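The values are calculated or read from the model by the stated rules, or taken from the named source; none is laboratory data. These numbers were taken from a predicted model, which means no experiment stands behind them. Cβ coordinates were reconstructed from backbone atoms using ideal geometry, including for glycine residues, and neighbour counts include every protein chain displayed.
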Ligand code: NAD
């Protein structure tokens, strides 16, 4: 199959080439993001492959259909960026990578939490300038603290296991309870109770209509004053202006974010010599108690390998009509 990879960066190309070492498929690597304006680049290919910030909205899907694309593969798990209904109407199949190292994202969430708590971002800047003072670097023991996890699927479970290893008391909210976590002593609570009782809250649920702005003014008002919030899931889970206000008033003690609601314009691009035309993102990156990473939770060798293998396998399976069900977003 001839496939065009949009938003393809130098760090992922070798993994995709290795997964196609047998030369079964013909891969075209494009740096451009997928937009209605770049859809024409797919002409002459049988499939395209996209990443988290490539929008598969009505206009883009229509432009893809116009150049003959009937197959889209996602190099990611979440598919909130896909207009599933329009894809169905246009007869475009959409496949995804249903699972890859949940440890990559869970460990990144822990990294954000640990760095924020022990002020590693500040200490790093200080010691670079030979400033070896400790004022303002006080953290707290995670041991014995209450960690609230919203969404206990693959990543939430991996995150919970790490927190249990730290000696934390882990609380959880999910409509589907994990039997494994319950056996390990994790306590499922209604959302309001979890918000009120947690010292740290980490989000691991997908972005859907019922989770959009899950952390809004009302949710923040229920949280413990000074609680830490970690979001490695999707930016749309947070009402950003409400979170910024909570950071300013001290209602939120700190925010670790790997995702941002309007990230598709900024993340994965170098804006260092330009003014950021997004006041909220600019404000967040300048807060001393906020750590922003630009959607890098997945960025481990193991995860990249699994994403590349599943993506290429999806195409091969498709040729043999043996596609695993959980890979299909639109069939
Ligand atoms: P998963 O499907 O295994 O688990 C999601 C869990 O969320 C499920 O248990 C589900 O029941 C639960 N859930 C659904 N709606 C909920 C709600 N309203 N309230 C509470 N829980 C709810 O998914 P996963 O592999 O664990 O991934 C979780 C999320 O992580 C993805 O949806 C994606 O947004 C994000 N993610 C981020 C990165 C990154 O690089 N930062 C990488 C991969 C995934």
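For region 246-260, the criterion of being within 27 Å of residue 85 (Cβ to Cβ) and outside any strand (DSSP E or B) is satisfied by at least one residue.
Out of 155, 162, 201, report the one residue that is outside any helix (DSSP H, G or I) and either crowded, with 18+ Cβ neighbours inside 10 Å or at negative phi (or both). Walk me through how you get there before you give the answer.
On the way: 155 fails: outside any helix (DSSP H, G or I); 162 fails: outside any helix (DSSP H, G or I).
The unique qualifying residue is 201.
Under the condition of being buried (at least 18 other Cβ atoms within 10 Å of the Cβ) and over 13 Å from the mean Cα position of the chain (by Cα), the residues counted in region 239-265 number 12. Scan region 281-331 for residues that are away from the ligand (no atom under 16 Å from the Cβ), closer than 20 Å to residue 80 by Cβ and either in the same structural domain as residue 52 (by the TED database) or over 18 Å from the mean Cα position of the chain (by Cα) (or both) and the total you get is 3.
In the set 281, 291, 312, which member is touching a helix residue (DSSP H, G or I) at 6+ places or on another chain (Cβ under 7 Å), crowded, with 18+ Cβ neighbours inside 10 Å and assigned to a helix (DSSP H, G or I)?
Values: 281 fails: touching a helix residue (DSSP H, G or I) at 6+ places or on another chain (Cβ under 7 Å); 291 fails: assigned to a helix (DSSP H, G or I).
The unique qualifying residue is 312.
All of (1) within 13 Å of the ligand (Cβ to nearest atom); (2) closer than 27 Å to residue 98 by Cα hold for residue 194 with one exception: (2).
In this structure, residue 223 does satisfy being surrounded by 15 or more Cβ atoms within 10 Å (Cβ to Cβ) and farther than 30 Å from residue 13 by Cβ. Checked against (1) within 16 Å of the ligand (Cβ to nearest atom); (2) in contact with a strand residue (DSSP E or B) (Cβ under 6 Å, 6 or more places away or on another chain), residue 55 meets all criteria but (2).
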